[in-house]
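The structure under discussion appears below in the form of structure tokens.
Any read-out appearing in this document is the output of simple, stated calculations on the displayed coordinates, not a laboratory observation. Owing to the predicted nature of the structure, the values given are computational and were not obtained by experimental measurement. As a convention, Cβ positions derive from the backbone with ideal geometry for all residues, glycine included, and neighbour counts pool all protein chains shown.
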Amino acid sequence: MPVEGEYEPSPRQWVREQVERYEGSGGTEGTTLLDTGLPVVIVTNRGARTGKVRKTPLMRVEHEGRYAAVASMGGAPVHPQWYHNLRAHPQVELQDGPGRREMVARELSGPERALWWERAVAAYPPYAEYQARAGRLIPVFLLEPAGG
Ligand code: F42
């Protein structure tokens with residue numbers, strides 16, 4: 001099911017602008033993180049409490065059509081809000097460049113998390129520094145195409 005409803009843009013200006021550019025260009029512009037040149041995806045999710053539609057840019061960690069969503073928030077000591085949103089409403093939409101599809105998110109643990117963490121750090125090395133300073137185990141979700 002598509003994620004529909006009232007859209008609430010991010011309160012952070014740079015995040016909001018990235019989403020606007022990414023979606024406004026059909027996934028051909030604004031698809032990398034600032035000056036790193038590393039690719040970003042946009043996850044459309046639903047607020048755990050409000051039910052509002054939210055859009056969250058994340059680093060692109062892809063393997064064979066599945067994606068990791070890493071709740072690093074720059075190594076902050078608390079989980080981002082979207083962590084709670086994905087736990088409550090795992091049905092999301094993922095835009096990767098021009099392609100968009102419905103996915104289901106589940107939080108990983110144990111060896112599965114370890115495998116995807118390795119892939120995440122390979123895609124975006126600063127995740128390792130974020131983990132070192134976060135003082136929490138950074139959650140990793142696996143996003144898989146809805147319906148298998
Ligand atoms: N964040 C990451 O955690 N990992 C990444 O890999 C990542 C990459 C990235 C690349 C580009 C870019 O532009 C941003 C990137 N970010 C990355 C930042 C990411 O997009 C988020 O901005 C960041 O993780 C913070 O997420 P957040 O969900 O905490 O966002 C805050 C600022 C926010 O939007 N808060 C809103 C608010 O009004 O305060 C939303 C609150 C919300 O979701 N409320 C829920 C609701 O029901 O509506 C309730 C939540 C609950 O706890 O029940």
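A few comments on the model shown:
- Gain on full stretching of the segment that runs from residue 109 to residue 136 - 0.36 nm per residue minus C-alpha separation: 8.3 nm
- Equivalent-ellipsoid semi-axes of the chain, from the Cα gyration tensor, Å, largest first: 21, 18, 16
- Every helix of 4 or more DSSP H residues in the chain counts as -39500 (n - 2.57), and over all residues that averages to -8500 deg cm²/dmol at 222 nm.
- Prolate/oblate/rounded call for the range 39-90, Cα gyration tensor, a/c under 1.5 rounded: oblate
- Net charge of Cβ neighbours under 13 Å - reference residue 5; Lys, Arg +1; Asp, Glu -1: 0
- Computed over the Cα atoms of the range 72-131, the ratio of the radius of gyration to the Kirkwood radius (Rg/Rh) comes to 0.98.
- Estimated distance in nm for a label pair at residue 15 and residue 146, the labels positioned 7 Å out from Cα along Cα-to-Cβ: 2.3
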